[in-house]
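Read the structure below first, then the notes.
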Amino acid sequence: MRNGKIKIAAVSCIGKKETMTSLQIRQAVPGDIARIMEMIDNSRRLMRAGGNQSQWVNGYPSRATILDDIRDGHSFVVADGERLVGTFAFIIGRDPTYGEIEGGRWKNEARPYGTVHRMARSAEGRGVFGAAIDWCRRQTASLRIDTHADNAVMIHLIEKHGFEKRGVIYLADGSPRLAFQMLPTGVLCEPLKGHIEESILPRYASFDDAHRGDHAEAVMQNSLRLAQHYDVDINMVYTIAAYHDLGLCEGRERHHIVSGRMLMGDKGLRRWFGEDDLKLMAEAVEDHRASSGNAPRSIYGRIVAEADRDIEPLKIIKRTVQYGLGNYPELGKEAQWRRAVEHLHEKYAEGGYLKLWLPESDNAARLRELRQIIADEDCLRQHFDRFFNECEN
């Protein structure tokens, strides 16, 4: 879902016999109503056959309810080729029935979330629940769902697909429902990704050659790789990395502080994150700078700090040359050489201020290689001359 529009998505599902079926998710239209009601009737029959006599009674969900969902843009269908095999409602925004929860609590309650309702499938529909949830996970950074305590099949599916039971909520008529939550969702939120690609990354184009968009994207990818080793929210990791150098627009000295301030000031991020999330991410952005002298305050800060190192010896040397030419154009070649040597020794040599934070990173071995080059002045000068000539030309 981007800029209020729904992006049609194909979801690959593996069946019991390991055969691949391609299911399509799209927004429902009024012409789908007859087929949707057939699927709801089928799912109601399955509930009764499974011993669930109390859910979807008295004509709920009615044709009028589904038409309201369609009108409001909340109704979706799952298609297998031309045939509709599933349906569900997906609503982003606070659900009043989730305001109070009994016997437990929501995790990160302040974070915006999406809710799945009115899930149904046809008699021949297979993999519908998994396809729908996989799609929903990509639309938001937090997901909730509820079901009747007698709906054993749905409870099994909900827990199988990664939801955690949080407690009991009550519908408007007082009926209890088991409530579940998926936080984090484990995949990148597509609207968040779109926001960053369209509104944030283009700003790097005005920075020096060493801090353009390719650097930001490299830090984002490095951060996501490191995140696989930790119990963290990859949507937060991705966002932190995207903002980490944005403050260069106000100069290098305090760019990490400015970057954190810019993240906090981005009202668009409040579509996916709560205030506590934003504060934690801003701290991580502030802590990424290698010269800060202090250890990052959280695992998120350690991840982006380590990802920002991106220690590839020749790339480091080239970026040092690029930075010198971009920020000190008045210096001649020998002055640029002295500046580069001073910077490389101060930051990367034995005793330099750069610190490594995560053992899962490949940076330690690469840093040893870079230090060998720095210690060999003739070798370092050869690399400097080559990159200086390339960058000047």
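The values are calculated or read from the model by the stated rules, or taken from the named source; none is laboratory data. Being a predicted model, the structure only gives us computed values, none of them experimental. Here the Cβ positions follow ideal geometry from the backbone for every residue, glycine too, while neighbour counts run over all protein chains shown. Each accessible area value is taken on the protein alone, full model and side chains, heavy atoms only, with ligands, DNA and RNA left out. Shrake-Rupley method; radii C 1.70, N 1.55, O 1.52, S 1.80 Å.
Details
- Ranking Ala340, Asn52, Ile257 by Cα position along the charge dipole of the chain, where only Lys, Arg, Asp and Glu carry charges on their C-beta atoms, puts Asn52 farthest toward the positive end.
- Calculated SAXS-style log₁₀ I(q)/I(0) at q = 0.06, 0.10, 0.13 Å⁻¹ - the chain, Debye, Cα scatterers: -0.33, -0.75, -1.04
- Loop-located GluC sites (Glu not before Pro) across region 279-328 with a Cβ neighbour count of 15 or fewer within 10 Å are lacking, with loop assigned by DSSP.
- Computed over the chain with a Gaussian network model linking Cα atoms closer than 10 Å, the most mobile of His161, His256, His215 is His161.
- Rh by Kirkwood over Cα pairs, then Stokes-Einstein D for region 237-345 at 0.692 mPa s and 37 °C, µm²/s: 217 µm²/s
- For Arg138, the solvent-accessible surface computed with a 1.4 Å probe is close to 80 Å², ligands and nucleic acids excluded.
- Added length on full extension, which subtracts the Cα-Cα distance from 0.36 nm per residue, Asn58 to Glu377: 106.5 nm
- Glu217 exposes around 100 Å² of accessible area when a 1.4 Å probe is run over every protein chain in place.
- Taking the chain as a Gaussian network of alpha-carbon nodes connected by springs under 10 Å, the highest mean-square fluctuation of the residues Asp287, Asp277, Asp231 belongs to Asp231.
- Comparing Asp146, Asp245, Asp80 in a Gaussian network model of the chain, where Cα atoms under 10 Å apart are tied by springs, the biggest mean-square fluctuation is seen for Asp80.
- Pairs exceeding 20 Å between alpha-carbon atoms, taken from Lys193/Lys267; Lys107/Lys279; Lys315/Lys347; Lys107/Lys193; Lys315/Lys355; Lys279/Lys355: Lys107/Lys193; Lys279/Lys355.
- Dipole of region 270-389 computed with +1 at Lys/Arg Cβ and -1 at Asp/Glu Cβ about the Cα centre; of Ala282, Tyr353, Pro329, farthest Cα towards the positive end is Pro329.
- Between Glu38 and Asp362, the simple spin-label model (points 7 angstrom out along Cα→Cβ) gives 5.3 nm.
- Hull-based mean projected area of region 353-393, where the convex hull spans the alpha carbons, in square nanometres: 3.9 nm²
- Mean accessible surface per residue for region 148-203, computed with a 1.4 Å probe while every protein chain stays in place, in Å²: 46 Å²
- Across all directions, the shadow cast by the convex hull of region 221-297 built on its C-alpha atoms averages 5.3 square nanometres.
- Counting only Cβ charges, +1 for Lys and Arg and -1 for Asp and Glu, the dipole size of region 221-347 around its Cα centre is about 320 debye.
- Relative to the Cα centre, the charge distribution of the chain, modelled as +1 at Lys and Arg Cβ and -1 at Asp and Glu Cβ, gives a dipole magnitude of about 1160 debye.
- Report summary: the helix-based calculation at 222 nm, which adds -39500 (n - 2.57) for every DSSP H run with n ≥ 4 and divides by the residues of the chain, gives -13500 deg cm²/dmol.
- Charges were assigned to the Cβ only: +1 to each Lys and Arg, -1 to each Asp and Glu. The resulting dipole of region 80-169 about its Cα centre is roughly 260 debye.
- Sorting Arg44, Arg203, Arg252 by solvent-accessible area of protein heavy atoms yields Arg203, Arg252, Arg44, largest first, with a 1.4 Å probe.
- Extent along principal axes [Cα atoms of region 294-393; Å; largest to smallest]: 42, 26, 22
- Annotation for region 47-73 versus region 160-203: alpha-carbon center distance of 22 Å.
- Convex hull volume per residue in cubic angstrom - Cα atoms of region 308-354: 75 Å³
- Normalised by 2.2 N^0.38 Å, with N the number of residues, the alpha-carbon radius of gyration of region 121-184 equals 1.16.
- For region 59-216, the Cα gyration tensor yields ellipsoid semi-axes of 33, 20, 15 Å (square root of five times each eigenvalue, largest first, whole Å).
- Sorted largest first, extent of region 240-283 alpha carbons per principal axis (Å): 29, 17, 15
- Exposure check, 1.4 Å probe, all protein chains in place: Asp266 carries approximately 20 Å² of accessible surface.
- Prolate/oblate/rounded label for region 46-85 (Cα gyration tensor, a/c 1.5): oblate
- Local net charge near Leu171, Cβ-Cβ under 15 Å (Lys/Arg +1, Asp/Glu -1): -3
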